[in-house]
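Just below is one structure, and these are the notes that go with it.
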Amino acid sequence: MSRVIVVGAGVGGLAAAARLAATGHDVTICEQAPRVGGKLGLVERSTEAGLFRFDTGPSLLTMPQVFADLFEATGDPLESSLTLEPVDPVTRYRFADGTRLDTTADLDVLTARMDAAFGPGAGADWRRLSSRAGRIWQAVRGPFLTSTVDGFGDLARRAVRVRDLLTIAPGRTLRWLGEHYLGDARLRTVLERYATYTGSDPRRAPAALAVVPYVEQQFGGWYLRGGLHTLAEALSDRVVALGGTIRTGTDVARIETSAGRISGVRLADRGRLPADIVVANADAVHVYRDLLPQPRLLRRLHRTTPSLSGFVLLLGVRGRTPGLAHHNVLFPASYDDEFDAVFGNPAAPVADPTIYISVPDDPTVRPDGHEAWFVLVNAPRHGRGPGALDWGSKELAGSYAGRLLGLLARRGLQVTDRLLFSHVITPADLARSTRAPGGAIHGSSSNGARSAFLRPANRSPVPGLFLVGGSTHPGGGLPLVALSAQIVADLIGPA
Ligand SMILES: Cc1cc2nc3c(=O)[nH]c(=O)nc-3n(C[C@H](O)[C@H](O)[C@H](O)COP(=O)(O)OP(=O)(O)OC[C@H]3O[C@@H](n4cnc5c(N)ncnc54)[C@H](O)[C@@H]3O)c2cc1C
């Protein structure tokens, strides 16, 4: 049995802790925030009308099997503590010209809707793209998603077949793939949006990201009754039930070594906890810059483009809004302007952004006769330099929030006269609450052909130190983060 300290109670830290506790290790999680979940956050607001509960991060769960496996491997099945519900339509898209598309996991229905929305042939185009994406998925899932990878050479050593490499098209971008397969510009926009799921620019992100819509199609889009934050609560309960300890409000200042290997963590309040193994769920930049400085690995990380961040509005809304689905995406006239602003030098708030609105039809997260809106737009991360913006100013946050409410009205969703309250979360707030540098959602983006191989490996060069979470291999988003926990638990092995 090893004494394991997990730094951070994000999904990666909780999932790794559950797996390690289930295999007999003595596990303690240190989380600096007052509650677990990290970016899978929760804001509650009591009003005269009743209680609003907002997810502040993820609103769509994909690849639910990854979580079913996690719960199965650590005790009772997922259904014993969580209620998984399919979301259909997965997303309601609206384009600047008024066209609408409701996506669904059923490919026949989806392609028929594409023909109806964009004209005959659009569905067949998507089907061809989907088939290519399926082949990419077969090529990457084993050697990449469920195994540790440390650089391109490592992957090559695992004898990835040449045919697989041709399918993945490593030198090509997601934009290239869209132009190659899809005749309609609006359909290409739908494909390109999936680059943002990894915090990236479709003009620079690899074609292989076509697997993101593919897995959504294959395994569906899901919601958890009570909000996605219930996943963090259920994982936290699982860790405790397995004998693990969770210390919230416990800030780790340093990861310590002795004779070249991990010996414990130093807390910000000057306390010390001994450990044989540390699993760092904090962002890799925070780990290698502040907690256990590793200049060479930090330099490598700085060669990547950081992920974009998000600007969030949580709105308590009176009444019900006709025409809104659970997940809604309102596209602007020019998608390129958005990426020019977010990754620009200098970067700027997006003047006319794509607006995502999630409104769960779930009576447990809003009072009767009301709606809890989660509104998200892509934003440059907080900071200085290319692709960053100083979000620290209250005036900027306030005026941008006002601008978004105005844009919603112009796009047919007048909501200000029905607002009970609004709550703003800027990239600076996200950075502060989760310690993600600049509030970059996924650590580094997938911009650039080599980005996937510059992502930090799950096993660090320091004996006894492992990295888990969205800033490490295989990447961000709930299912990949949970897969990184599985990889780390396998690397450490049972007690
Ligand atoms: C606005 C938004 C929307 C998103 N939408 C989706 C979506 O729809 N679907 C999806 O799958 N994913 C989505 N994501 C991404 C998803 O939330 C993340 O990939 C995932 O939650 C990251 O988990 P993680 O394990 O990397 O840890 P994080 O959530 O980053 O947590 C790391 C934890 O470590 C703690 N920590 C850091 N440093 C220290 C320290 N020194 N001492 C102690 N504790 C420390 C932090 O406080 C934090 O709790 C979204 C994210 C955001 C922000």
For strands (runs of 3 or more DSSP E) lying entirely in segment 28-88, having 3 or more residues that are open to solvent by less than 30 Å² (accessible area, probe 1.4 Å) and more than 7 Å from the ligand (Cβ to nearest atom) picks out 50-55
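Between 20, 14, which is within 10 Å of the ligand (Cβ to nearest atom), buried (at least 24 other Cβ atoms within 10 Å of the Cβ) and not in a loop (DSSP other than H, G, I, E, B)? It would help to see each step written out before you state the result.
Details: 20 fails: within 10 Å of the ligand (Cβ to nearest atom).
One residue alone meets the criteria, 14.
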Within 27 Å of residue 31 (Cα to Cα), more than 10 Å from the ligand (Cβ to nearest atom), aliphatic (A, V, I, L, M) and surrounded by 18 or more Cβ atoms within 10 Å (Cβ to Cβ): which single residue out of 397, 428, 440 fits that description? 428
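If I filter segment 90-102 for residues that are open to solvent by less than 10 Å² (accessible area, probe 1.4 Å) and assigned to a helix (DSSP H, G or I), do I get at least one hit? Break it down into steps so the answer makes sense when it comes.
First, pick out the residues of segment 90-102 that are open to solvent by less than 10 Å² (accessible area, probe 1.4 Å): 90-91, 93, 101.
Pick out the ones that are also assigned to a helix (DSSP H, G or I) and you get none.
Taking every residue of segment 90-102 in turn, none turns out to be open to solvent by less than 10 Å² (accessible area, probe 1.4 Å) and assigned to a helix (DSSP H, G or I).
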Only one of (1) within 30 Å of residue 144 (Cβ to Cβ); (2) crowded, with 20+ Cβ neighbours inside 10 Å; (3) touching a strand residue (DSSP E or B) at 6+ places or on another chain (Cβ under 8 Å) does not apply to residue 459, and that is (2)
Name the pairs whose Cβ atoms lie under 6 Å apart, with the first residue in segment 124-143 and more than 15 Å from residue 169 (Cα to Cα), the second at pLDDT below 95, and 6 or more positions between them or separate chains? 143/158; 143/160
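Answer yes or no as to whether residue 183 is at pLDDT 95 or above and over 29 Å from residue 86 (Cα atoms).
On the way: at pLDDT 95 or above: yes; over 29 Å from residue 86 (Cα atoms): yes.
Yes.
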Checking residue 416 against (1) under 28 Å from residue 373 (Cβ atoms); (2) at pLDDT below 95; (3) in contact with a Leu (Cβ under 6 Å, 6 or more places away or on another chain); (4) not basic (Lys, Arg), only one condition comes out false. Which one? (2)
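Listed residues 289, 254; which is open to solvent by 50 Å² or more (accessible area, probe 1.4 Å), within 20 Å of residue 475 (Cα to Cα) and either within 16 Å of the ligand (Cβ to nearest atom) or in a strand (DSSP E or B) (or both)?
Working: 254 fails: within 20 Å of residue 475 (Cα to Cα).
Among 289, 254, only 289 is open to solvent by 50 Å² or more (accessible area, probe 1.4 Å), within 20 Å of residue 475 (Cα to Cα) and either within 16 Å of the ligand (Cβ to nearest atom) or in a strand (DSSP E or B) (or both).
Out of all the residues in segment 357-371, which are in contact (Cβ under 8 Å) with a residue 60 or more places away in the chain and under 24 Å from residue 436 (Cβ atoms)?
Start the filter on segment 357-371 by keeping residues that are in contact (Cβ under 8 Å) with a residue 60 or more places away in the chain, which leaves 358, 360, 362, 364-370.
Once the filter is applied, which keeps residues that are in contact (Cβ under 8 Å) with a residue 60 or more places away in the chain and under 24 Å from residue 436 (Cβ atoms), segment 357-371 yields only 358.
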Name the residues in segment 257-274 that are touching a residue at least 12 places away in the same chain (Cβ under 8 Å), open to solvent by 40 Å² or more (accessible area, probe 1.4 Å) and out of contact with any Asp or Glu (no Cβ under 7 Å at 6 or more places or on another chain), would you? 257, 260, 261, 269, 272, 274
For segment 383-396, pairs from a residue that is under 10 Å from residue 428 (Cβ atoms) to a residue that is among the hydroxyl-bearing types (Ser, Thr, Tyr) and open to solvent by less than 30 Å² (accessible area, probe 1.4 Å), with Cβ under 6 Å and 6 or more apart or across chains, are 391/426
Do we find that residue 404 is away from the ligand (no atom under 16 Å from the Cβ), out of contact with any Ser or Thr (no Cβ under 8 Å at 6 or more places or on another chain) and part of a helix (DSSP H, G or I) in this structure? no
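Could you pull out the residue among 305, 354, 321 that is open to solvent by less than 50 Å² (accessible area, probe 1.4 Å), modelled with pLDDT under 95 and among the β-branched types (Val, Ile, Thr)? Give the steps one after another, and end with the answer.
On the way: 354 fails: modelled with pLDDT under 95; 321 fails: modelled with pLDDT under 95.
Of the residues listed, the single one that is open to solvent by less than 50 Å² (accessible area, probe 1.4 Å), modelled with pLDDT under 95 and among the β-branched types (Val, Ile, Thr) is 305.
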Yes or no: residue 382 of a type outside the set (Lys, Arg), in contact with a helix residue (DSSP H, G or I) (Cβ under 6 Å, 6 or more places away or on another chain) and open to solvent by 40 Å² or more (accessible area, probe 1.4 Å)? yes
Selection from segment 465-495 of residues that are part of a loop (DSSP other than H, G, I, E, B) and surrounded by 22 or more Cβ atoms within 10 Å (Cβ to Cβ): 468, 469, 470, 471, 472, 473, 474, 475, 476, 477
Somewhere in segment 339-347, is a residue in contact with a helix residue (DSSP H, G or I) (Cβ under 7 Å, 6 or more places away or on another chain) and in a loop (DSSP other than H, G, I, E, B)? yes
Give me the residue from segment 1-11 that is of a type in the set (A, V, I, L, M, F, W, C) and part of a loop (DSSP other than H, G, I, E, B) and, out of that set, farthest from the ligand (Cβ to nearest atom). 1
All conditions in (1) free of Cβ contacts under 8 Å to residues at least 24 places away in the same chain; (2) farther than 19 Å from residue 191 by Cα are true of residue 313 except (1)
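The values are calculated or read from the model by the stated rules, or taken from the named source; none is laboratory data. As the structure is a prediction and not an experimental result, all values here were calculated from the model. Cβ atoms come from the backbone with ideal geometry, glycine included; neighbour counts cover every protein chain shown. Side chains included, ligands, DNA and RNA excluded: accessible areas come from the protein's heavy atoms. Shrake-Rupley method; radii C 1.70, N 1.55, O 1.52, S 1.80 Å.
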